[in-house]
Structure formats: structure tokens, C-alpha cells
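As C-alpha cells, the structure follows; a few thoughts come after it.
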Amino acid sequence: MESGLTSLLSVSIDFETSHLFFPRIIHWIMAVLFVIILATKTIPFLAAVKRGERTLPILGESMDGFRFFGTLALIVAYFYLMAVVGNLFPYTGYGFLFVSMVFVLLMSLMYMHEWTKKGVIIVVINAIVAPSLVWFILAKLFKITLP
């Protein structure tokens with residue numbers, strides 16, 4: 001009786017694949033949620049488009065080309081310059097810090113509709129404080145190496 005209870009309470013862990021347990025669960029949950037979203041939102045929308053009650057939002061809509069292409073250019077420049085500036089200050093995370101400050105500033109200014117003095121001051125403060133806080137938490141508290 002004792003050996004049966006002991007085997008029931010014992011746990012064996014395969015360390016080569018144990019780290020994949022929770023990501024698999026999360027992937028399946030996300031897949032199920034994606035199917036639910038498709039069934040509840042997309043299918044009725046497409047049926048309304050087919051009946052002529054709605055139109056596809058992509059067709060016939062005007063596009064803000066400056067913001068669209070500006071965002072793409074800033075993202076590409078952000079990742080490229082993070083490595084370049086990071087190589088100037090190796091193993092300090094300053095590449096992440098300085099480039100993130102500029103990135104947040106330019107993105108915020110690009111998406112501001114009205115440039116008021118108060119709005120620009122808030123954007124500048126946010127561009128300095130938010131990346132600095134993230135850099136401090138990741139690089140100093142958690143000792144995560146940043147570019």
C-alpha cells in the first residue's frame with residue numbers, strides 16, 4: 001500500500017521539455033480566442049458587407065501617408081540605431097535608453113494633432129521619464145542586458 005501511495009504522490013519532470021508546458025497552453029488559449037473572435041465579429045461583418053449594409057473600411061478610405069510611412073521609418077530607424085548607439089556604450093543599455101527617448105519623442109510629436117506648449121512639454125517629459133524608468137527597471141533592478 002505504501003509503494004502505491006508513494007508512486008501516486010511522486011512527480012517526475014522532463015527538464016528538456018518542461019519549459020514548453022505553459023507556452024503550449026497559452027498558444028491553444030489564444031487560438032481558441034482567435035476563432036471565437038472570427039466567429040462573433042468577422043463573419044457577421046462580412047455578411048453585412050455582402051448584403052450591402054456596410055463597406056470594407058480599407059477600400060475608399062483616405063490614408064494618412066505621413067503618419068503611416070513615418071511610423072514605419074521610425075521603427076526601422078529605432079532598431080537600427082539602437083544597435084549602433086549600443087555599440088558606442090557597450091553593456092550599459094545606453095543604446096536602448098537614448099534611442100528610446102528620441103523614438104518616443106518623435107512618435108508622440110508625429111501623432112499630436114495640436115502642438116500646444118503644454119502638450120509639447122508633456123511629450124518631452126514623457127519621452128525622458130518613460131524610457132528612463134524602463135531602463136532603470138530592466139538594466140539596474142533585473143540586470144537584463146540591453147543594447
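The values are calculated or read from the model by the stated rules, or taken from the named source; none is laboratory data. Just so we're clear, the structure is a prediction, and the values are computed from it rather than from any experiment. Every residue, glycine as well, gets a Cβ built from its backbone with ideal geometry; the counts of neighbours run over all protein chains shown.
Go through the range 75-89 and report how many residues are touching a helix residue (DSSP H, G or I) at 6+ places or on another chain (Cβ under 6 Å), of a type in the set (A, V, I, L, M) and at pLDDT 95 or above. Before you say what the answer is, go through the steps one by one.
Taking the range 75-89 as the starting set, the residues that turn out to be touching a helix residue (DSSP H, G or I) at 6+ places or on another chain (Cβ under 6 Å) are 78, 81-82, 85-86.
In the following step, the residues that additionally are of a type in the set (A, V, I, L, M) were identified as 81-82, 85.
Of the ones still in play, those that are also at pLDDT 95 or above are 81.
Final tally of qualifying residues: 1.
Is it true that G60 is at pLDDT below 95 and in a loop (DSSP other than H, G, I, E, B)? Write out each step before concluding.
Values: at pLDDT below 95: yes; in a loop (DSSP other than H, G, I, E, B): yes.
Yes, satisfied.
When you go through (1) in a helix (DSSP H, G or I); (2) within 30 Å of A127 (Cα to Cα) one by one for P90, which number turns out not to apply?
Answer for P90: the failing condition is (1).
Just a yes or no: is a residue in the range 76-95 under 19 Å from the mean Cα position of the chain (by Cα), surrounded by 10 or more Cβ atoms within 10 Å (Cβ to Cβ) and farther than 30 Å from A139 by Cβ?
no
Being of a type outside the set (A, V, I, L, M) and outside any helix (DSSP H, G or I) is the filter here, so list the residues in the range 104-144 that pass it.
Selection gives H113, E114, W115, T116, F142, K143.
In this structure, is T55 assigned to a loop (DSSP other than H, G, I, E, B), within 27 Å of F136 (Cβ to Cβ) and not aromatic (F, W, Y)?
Details: assigned to a loop (DSSP other than H, G, I, E, B): yes; within 27 Å of F136 (Cβ to Cβ): no; not aromatic (F, W, Y): yes.
Answer is no for this residue.
Return the pairs, sorted by first residue and then second, in which the second residue is of a type in the set (A, V, I, L, M) and in a helix (DSSP H, G or I), the first residue lies in the range 91-107 and is in the same structural domain as V129 (by TED's automatic domain parsing) and in contact (Cβ under 8 Å) with a residue 40 or more places away in the chain, the beta carbons are less than 7 Å apart, and the residues are 6+ apart or on different chains.
Taking only residues 6 or more apart or on different chains, the pairs are G93/A139; G95/M82; G95/A83; G95/V85; F96/M82.
Only residues that are surrounded by 10 or more Cβ atoms within 10 Å (Cβ to Cβ), of a type outside the set (A, V, I, L, M, F, W, C) and over 23 Å from M112 (Cα atoms): list them for the range 41-75, please.
Those that are surrounded by 10 or more Cβ atoms within 10 Å (Cβ to Cβ), of a type outside the set (A, V, I, L, M, F, W, C) and over 23 Å from M112 (Cα atoms): K41, T42, P44, R54, T55.
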